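Asker: Dropping a structure here in C-alpha cells format, bear with me for questions.
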Amino acid sequence: DAGITQSPRHKVTETGTPVTLRCHQTENHRYMYWYRQDPGHGLRLIHYSYGVKDTDKGEVSDGYSVSRSKTEDFLLTLESATSSQTSVYFCAISEMDSGANVLTFGAGSRLTVL
Amino acid sequence: GQNIDQPTEMTATEGAIVQINCTYQTSGFNGLFWYQQHAGEAPTFLSYNVLDGLEEKGRFSSFLSRSKGYSYLLLKELQMKDSASYLCAVHGEDSNYQLIWGAGTKLIIKP
C-alpha cells in the first residue's frame with residue numbers, strides 16, 4: 001500500500017484562526033491533491049500539485065492556499081477559517097500510469113470550525 | 001456544465017446481486033473510475049474503464065458505454081462488508097487529469 005499520512009486527523013478551531021493540514025507521502029509520487037468531502041457533494045478539488053513548487057487551483061480554492069517545498073509534503077492552509085470550511089479533508093497522491101490516474105487517499109482530516 | 005449522477009442510496013440483501021448506475025455529462029472523456037468508501041474511511045480504488053464493455057474483477061464488474069454516457073458497477077454475492085458508499089468519477093478533458101466526482105451511492109446490505 002502507498003504510504004500517505006495526514007495530520008492532524010481531527011481538529012477543532014475557531015472562526016478567524018489559521019489552520020494548516022499536512023500530507024506526507026513516502027512513494028515519491030509526482031501528483032498530490034487536496035479534496036474536501038461534504039454530505040451531498042462529490043469530492044471537490046481544492047488545490048493540486050504536479051511537482052515541487054508547482055501547484056494549481058481546483059474548483060473550490062477560495063480561502064485556501066497550498067505549498068509543496070519537498071516531493072513528500074503537501075500543506076493545505078486555511079488562512080482565516082470559516083464555518084463553511086468545516087469538512088473532511090482528504091489528501092491524495094497519484095503517478096499516472098498507462099493513462100489511468102488512480103488516486104490513493106490518505107485517511108482524512110476532520111476539521112470543525114466553530 | 002459537467003455532471004455525474006448516481007442514486008443516493010440503495011438497499012440489497014446479503015448473497016444477492018446489485019447494480020449501481022452512473023450517468024455522466026462531461027466535456028471530453030478519458031476514463032471512468034469506481035471507488036469504494038466505507039463510513040469514516042478514505043475512498044479506495046475499485047475499477048477503471050476507458051473502452052466500452054465489461055471489466056470483471058472477482059465479485060465486482062464495471063461496465064461502460066461511452067455513447068450513452070453510462071456506467072454501472074455490478075456487485076455479486078453480496079457480503080455485509082460491501083456496505084459502503086460507491087463513488088463514480090470521470091476523467092474529462094483536462095491536461096492534468098482532474099477527476100469529476102459523483103456524490104456517491106450509499107449501499108446498505110441487509111441480512
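The values are calculated or read from the model by the stated rules, or taken from the named source; none is laboratory data. Everything numeric here is computed off the predicted structure, so don't read it as measured data. Methodologically, a virtual Cβ is constructed for each residue, glycine included, from the backbone with ideal geometry; neighbour enumeration extends over all protein chains shown. Accessible surface areas use protein heavy atoms only, side chains included; no ligands, DNA or RNA. Shrake-Rupley method; radii C 1.70, N 1.55, O 1.52, S 1.80 Å.
Asker: In segment B:57-111, what count of residues is obtained for those that are hydroxyl-bearing (S, T, Y), touching a His at 6+ places or on another chain (Cβ under 9 Å) and away from chain A (no Cβ under 14 Å)?
Answerer: Summing the residues that are hydroxyl-bearing (S, T, Y), touching a His at 6+ places or on another chain (Cβ under 9 Å) and away from chain A (no Cβ under 14 Å) in segment B:57-111 gives 1.
Asker: Kindly indicate which of A:V88, A:V102 is of a type outside the set (F, W, Y), in a strand (DSSP E or B) and within 20 Å of A:L43 (Cβ to Cβ).
Answerer: None of the others qualify; the one that does is A:V88.
Asker: For segment A:90-114, which residues satisfy the criterion of being of a type in the set (S, T, Y) and more than 14 Å from every other protein chain (Cβ to nearest Cβ)?
Answerer: Residue satisfying the conditions is A:T112 alone.
Asker: Can you tell me which of A:H24, A:H41, A:H29 is open to solvent by 20 Å² or more (accessible area, probe 1.4 Å), assigned to a loop (DSSP other than H, G, I, E, B) and more than 11 Å from chain B (Cβ to nearest Cβ)?
Answerer: A:H29
Asker: Given the residues A:S87, A:S61, A:S83, A:S67, which is the only one that is more than 8 Å from every other protein chain (Cβ to nearest Cβ), in contact (Cβ under 8 Å) with a residue 12 or more places away in the chain and over 15 Å from the mean Cα position of the chain (by Cα)?
Answerer: A:S83
Asker: What about B:L54, is it open to solvent by less than 10 Å² (accessible area, probe 1.4 Å), in contact with a strand residue (DSSP E or B) (Cβ under 9 Å, 6 or more places away or on another chain) and over 18 Å from A:V102 (Cβ atoms)?
Answerer: So B:L54 fails the test.
Asker: Could you tell me how many of the residues in segment B:1-43 are surrounded by 15 or more Cβ atoms within 10 Å (Cβ to Cβ) and free of Cβ contacts under 8 Å to residues at least 12 places away in the same chain?
Answerer: Going through segment B:1-43 one residue at a time, the tally reaches 1.
Asker: Yes or no: B:S47 of a type in the set (S, T, Y) and within 14 Å of chain A (Cβ to nearest Cβ)?
Answerer: So B:S47 fits the description; yes.
Asker: Could you tell me which residue of segment A:44-58 is surrounded by the fewest Cβ atoms within 10 Å (Cβ to Cβ), considering only residues that are within 13 Å of chain B (Cβ to nearest Cβ) and among the charged types (D, E, K, R)?
Answerer: Per the stated criteria, the residue is A:D54.
Asker: Of all residues in segment B:1-46, count the ones that are polar (S, T, N, Q) and at pLDDT 95 or above.
Answerer: 10
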